[in-house]
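Every number here is computed from the coordinates shown, using simple stated rules; none is lab data. Just so it is clear, the structure is predicted and the values come from calculations on it, not from any experiment. Every residue, glycine as well, gets a Cβ built from its backbone with ideal geometry; the counts of neighbours run over all protein chains shown.
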């Protein structure tokens, strides 16, 4: 898996919702299947969906991260995925907020 810092920088630099979702997809694609298999079943099920809710997944993964902290071999992978999704969720909120506060012409 590539450096988490690299992925979070890419997420922070995204200027559209589509760009954030594309980066998240690329991030997930960079994780070897053997690593993904170490994630809790509930998280894997959500990640397997064709289109997932980044905000809900970020919350769920952070919750699972706290629950599994240093309890098994999936803790490191889960922690990195949770942080990436939390970053993506925050960036989406920023982008949506900017779109909602854009000046209108009329």
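For segment 4-99, the alpha-carbon radius of gyration amounts to 1.03 times the rule-of-thumb value 2.2 N^0.38 Å expected for a compact globular protein. With neighbours defined as other Cβ atoms within 10 Å of a residue's Cβ, the residues 3, 89 order from fewest to most as 3, 89. Shown for 59, 85: other C-beta atoms within 10 Å of each C-beta, ranked fewest to most, produce the order 59, 85.
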